[in-house]
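Encoded as structure tokens, the structure appears first; notes follow it.
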Amino acid sequence: MHNLDKFSGVLEHPDVAIKMKQGFTLPYYFQTASATEESASSFPLILTLHAMRSNTVVPKARYKEWNVLHPIDCYGYKNEGSFWAAGYPELPLLDAIVELVESHKNKGLFNGEVYISGSSSSGIACVYLANKLNAQAVYMNVPVLSSNTLKPLADSPIARYFSVFGEAGVDEHGVDYLFKGMKTRFHIVDQRFGFKDFVRLNSFDFVSRCLELGINVHYELLPTSGHSVNYPMSHVLDLFSKYPSNGRVLSTGFPALVGDDGIRVDEVEDLAEVELA
């Protein structure tokens with residue numbers, strides 16, 4: 001029998017269920033789309049991953065055309081979250097989430113399209129899940145995308161670090177879960193003046209790798225300080241809906257380029273087919 005004391009707060013919510021995986025308990029909350037004119041099963045799923053210290057409140061918002069799956073990481077220092085890596089070097093929490101999403105898909109609870117949103121300590125988890133679930137798009141706010149960010153903590157007795165990873169060496173990077181031809185579109189928002197070297201170790205290296213692999217990416221580096229939530233969920237959902245899933249560029253509003261032969265380049269399916277004299 002598993003001790004559920006650490007989950008007592010979230011389990012008081014009548015709609016929170018639990019998923020067991022390799023001796024770990026994963027509470028989760030599933031909210032169907034609120035639209036009444038169509039079945040919720042005709043809408044996509046958004047998987048939302050919380051950051052540290054934001055795992056005690058079940059989200060109240062409902063979205064008209066989005067089903068929401070909200071897993072809850074109650075492990076780590078003071079049960080505030082474990083980078084979704086409790087059980088490292090295995091990742092049972094993430095594998096349990098994959099099984100949950102696949103189960104909901106097989107039951108016809110959403111249309112098969114998966115979107116992911118996460119912040120800070122959920123960065124690597126977002127990329128891992130995008131890989132496993134073939135996500136359409138991912139939004140990450142000031143994401144931790146490299147274990148190199150944590151190495152300074154390993155050199156000092158930081159309880160938050162050791163409660164998850166112990167004495168083991170950690171070698172986890174979001175780029176490890178990218179692959180050439182990956183269809184997932186990544187939206188990343190970071191803050192220029194955050195922790196020392198944070199941008200370089202995390203979002204900058206990740207975006208560079210996406211460009212190398214031909215993965216569609218949207219990157220905002222805000223000229224601000226701190227490590228905070230920068231946009232509401234409504235903005236995230238607008239980003240998911242705004243851009244075409246096939247990665248083609250939307251019109252910029254600038255005048256179209258015209259070759260000497262009078263052919264507009266935006267009228268040609270492949271720019272490589274245009275021969276300008």
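The values are calculated or read from the model by the stated rules, or taken from the named source; none is laboratory data. All values derive from a computational prediction rather than experimental measurement. Quick reminder, even Gly has a Cβ in these numbers, built from the backbone with ideal geometry, and neighbours come from all protein chains shown. Areas reflect the complete protein model, heavy atoms only, side chains present, ligands, DNA and RNA absent. Shrake-Rupley method; radii C 1.70, N 1.55, O 1.52, S 1.80 Å.
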- Task: Scan the stretch 94-151 for residues that are surrounded by 17 or more Cβ atoms within 10 Å (Cβ to Cβ), at positive phi and either aliphatic (A, V, I, L, M) or free of Cβ contacts under 8 Å to residues at least 60 places away in the same chain (or both) and report the count.
- Result: 1
- Residues satisfying the stated conditions in the stretch 48-101, i.e. of a type in the set (Lys, Arg) and either touching a Pro at 6+ places or on another chain (Cβ under 8 Å) or part of a helix (DSSP H, G or I) (or both): LYS78
- Is it fair to say SER54 is within 22 Å of ALA130 (Cβ to Cβ) and open to solvent by 50 Å² or more (accessible area, probe 1.4 Å)? yes
- Query: List the pairs whose first member sits in the stretch 224-240 and is within 23 Å of VAL199 (Cα to Cα), whose second member is part of a loop (DSSP other than H, G, I, E, B), and whose Cβ atoms are under 7 Å apart, counting only residues at least 6 apart or on separate chains?
  - Reply: SER225/GLY194; GLY226/GLY194; HIS227/VAL142; HIS227/GLY194; HIS227/PHE195; MET233/ALA61
- Message: Could you go through the stretch 59-67 and let me know if any residue there is surrounded by fewer than 14 Cβ atoms within 10 Å (Cβ to Cβ), among the basic types (Lys, Arg), in contact (Cβ under 8 Å) with a residue 24 or more places away in the chain and more than 24 Å from ALA125 (Cα to Cα).
- Response: yes
- Query: For the subset of the stretch 172-223 comprising residues that are in a helix (DSSP H, G or I), touching a residue at least 24 places away in the same chain (Cβ under 8 Å) and of a type in the set (Phe, Trp, Tyr), which member is surrounded by the most Cβ atoms within 10 Å (Cβ to Cβ)?
  - Reply: PHE206
- Query: Just a yes or no: is a residue in the stretch 243-257 under 29 Å from LYS60 (Cα atoms), modelled with pLDDT of 75 or more and of a type outside the set (Val, Ile, Thr)?
  - Reply: yes
- Does any residue of the stretch 21-38 turn out to be at pLDDT 90 or above and touching a Ser or Thr at 6+ places or on another chain (Cβ under 7 Å)? no
